[in-house]
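Quick notes on the structure that follows.
The values are calculated or read from the model by the stated rules, or taken from the named source; none is laboratory data. Worth saying up front: this structure is predicted, and the values here are computed from it rather than measured. Every residue, glycine among them, receives a Cβ derived from its backbone with ideal geometry; neighbour counts consider all protein chains shown. The area values use the complete protein model at the heavy-atom level, side chains included, leaving out ligands, DNA and RNA. Shrake-Rupley method; radii C 1.70, N 1.55, O 1.52, S 1.80 Å.
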Amino acid sequence: MTNTPTDTTQVSGKLRFPPGFLWGAATAAFQIEGAAALRGPSIWDTFCRTPGKVHDGDTGDVAVDHVRLWREDVRLMARLGLGAYRFSVSWPRVLAGGIGFYDALVDELLAHGIRPCVTLYHWDLPQELETGGGWPERETAYAFAAYAATVAEALGDRVELWTTLNEPWCSAFLGYASGVHAPGRTSPADSLRAAHHLNLAHGMAAAALPSSARAGIALNPSAVRPLTDSAADLDAQRRIDALANRIFTGPLLHGAYPEDLLEDTAALTDWSFVRPGDEALIHQPLGFLGVNYYTPAVVSAAPAGAGPRADGHGATGHSPWPAADAVAFHQPPGERTDMNWSVDPTGLHDLLMRFTGEAPGLPLMITENGAAYGPDLHDPQRIGYVKEHLAAVHRAMADGAPVEGYFLWSLMDNFEWSYGYSKRFGIVHVDYATQARTPRASAHWYARLARTGAL
């Protein structure tokens, strides 16, 4: 049973969120835990040790030492007044040593009045499974289902909120098409197979969770906008929407892959890896849909032979967009974060309204939103970014979107994937030499917001 907050109001010039709205922060295992010797190797361990793949050759071996400092970190969350904490379980850690670390973490969170939200997969595939073929192989989905059942058996009596996968688009297309994420492969056909088996893994994992669980998935849907209203640019928008969004929401929300996606990619694959019954299995009842949002995408038809361009890939490198050679990407003018991502909260409002219309009554959760800026403790840009995006969430709720909560990315500075330690998303500053944690101005601002619900 869900308890969707209602009654968004504006009081004395402030936007007020309803009582019961969930205020949280999010992290991921590989990015914060460290203690690599106490778990098995993942694809990110291998990727980090591949020359040229990660900034400065950084690794997640120590990260921010959360496995050692977790009690301190939970106390910090409690001081900030967080109502919830979204964290991921390391599949390689569970394989190597069991679930004990997460069992204790959940108990500690509950003892401090913090609601745990468990993500089963945030990109750290055990290397042994990648050696066996990785996500392009169906057997990986079966292995994930078994792992999910193990975690659910251990934590399901105390955890209600679950996300099966975090951003499967990144796992499939950045990992297997463009190669800028682990495992670093560049096969468009394999990326489509991976996307399906990630969808299948979600369905199997959701079915393995206890009946008391609210099972969701954290997508990173793209607010795709055409550069102009020409027929060619609108078709580019359609193509990218299929690959960014509907390849997941089709089977998740409607029980079938969209026909235009299958047609667009027919030269790469015949989709015979989708077996009878797969789409129905993926189409499990969702307890909520998680939305990770940072920036929109602006697309147009590309000049002949130019190739797609997205985040630096395409014309001069591998693209994360299979069968999208006729599409170009554009950087909108205006403010950008340290990731060179444009700041545009209207995209978040648009996505929330889209899903409200597409799946009426399905609760929504902002499972990630935040911004990378410099290392300073005084961070007004981050406060401004979060405030603008929360205003967009509030407007969507006033327009009827059933948004239940917001998880800020990220609780603290950490290992930012191929960027290593060069980008800082945390509302808590981490001194990587000493592992000292210091709340930024944004942390204190967010704590007041969590306490009052007034933006």
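Here are the numbers for this structure:
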item	result
Pick from segment 113-133, criterion assigned to a helix (DSSP H, G or I) and in contact with a strand residue (DSSP E or B) (Cβ under 9 Å, 6 or more places away or on another chain), ranking: least open to solvent (accessible area, probe 1.4 Å)	GLU130
Segment 305-353, residues that are open to solvent by less than 60 Å² (accessible area, probe 1.4 Å), at pLDDT below 95 and among the hydroxyl-bearing types (Ser, Thr, Tyr)	SER319
Hits in segment 253-304 (condition: open to solvent by less than 20 Å² (accessible area, probe 1.4 Å), β-branched (Val, Ile, Thr) and under 29 Å from LEU161 (Cβ atoms))	ILE282, VAL291
Among (1) over 24 Å from TYR294 (Cβ atoms); (2) without any contact (Cβ under 8 Å) to a residue 60 or more places away in the chain, the one test that ARG246 misses	(1)
Failed item, numbered, when ALA141 is tested on (1) open to solvent by less than 10 Å² (accessible area, probe 1.4 Å); (2) touching a strand residue (DSSP E or B) at 6+ places or on another chain (Cβ under 6 Å); (3) not polar (S, T, N, Q)	(2)
Candidate set: segment 425-453, residues that are aromatic (Phe, Trp, Tyr) and open to solvent by less than 50 Å² (accessible area, probe 1.4 Å); chosen: the one nearest to GLY34 (Cα to Cα)	PHE425
Restricting segment 354-374 to residues that are among the small types (Gly, Ala, Ser) and part of a loop (DSSP other than H, G, I, E, B), the residue that is most open to solvent (accessible area, probe 1.4 Å)	GLY361
Count of residues meeting criterion [touching a residue at least 40 places away in the same chain (Cβ under 8 Å) and assigned to a loop (DSSP other than H, G, I, E, B)] in segment 414-447	12
Residues of segment 411-427 satisfying the condition of being in contact with a strand residue (DSSP E or B) (Cβ under 6 Å, 6 or more places away or on another chain) and either closer than 26 Å to PRO18 by Cα or among the charged types (D, E, K, R) (or both)	LEU411, ASP413, GLY426
Residue match in segment 88-107 (condition: surrounded by fewer than 21 Cβ atoms within 10 Å (Cβ to Cβ) and among the basic types (Lys, Arg))	no
Some residue of segment 66-76 being aliphatic (A, V, I, L, M), part of a loop (DSSP other than H, G, I, E, B) and either within 18 Å of LEU408 (Cα to Cα) or open to solvent by less than 50 Å² (accessible area, probe 1.4 Å) (or both)	no
Flag if HIS394 is in contact with a strand residue (DSSP E or B) (Cβ under 6 Å, 6 or more places away or on another chain), open to solvent by less than 10 Å² (accessible area, probe 1.4 Å), assigned to a helix (DSSP H, G or I) and more than 25 Å from ALA63 (Cβ to Cβ)	no
Count - residues of segment 134-163 that are under 17 Å from VAL106 (Cβ atoms) and part of a loop (DSSP other than H, G, I, E, B)	5
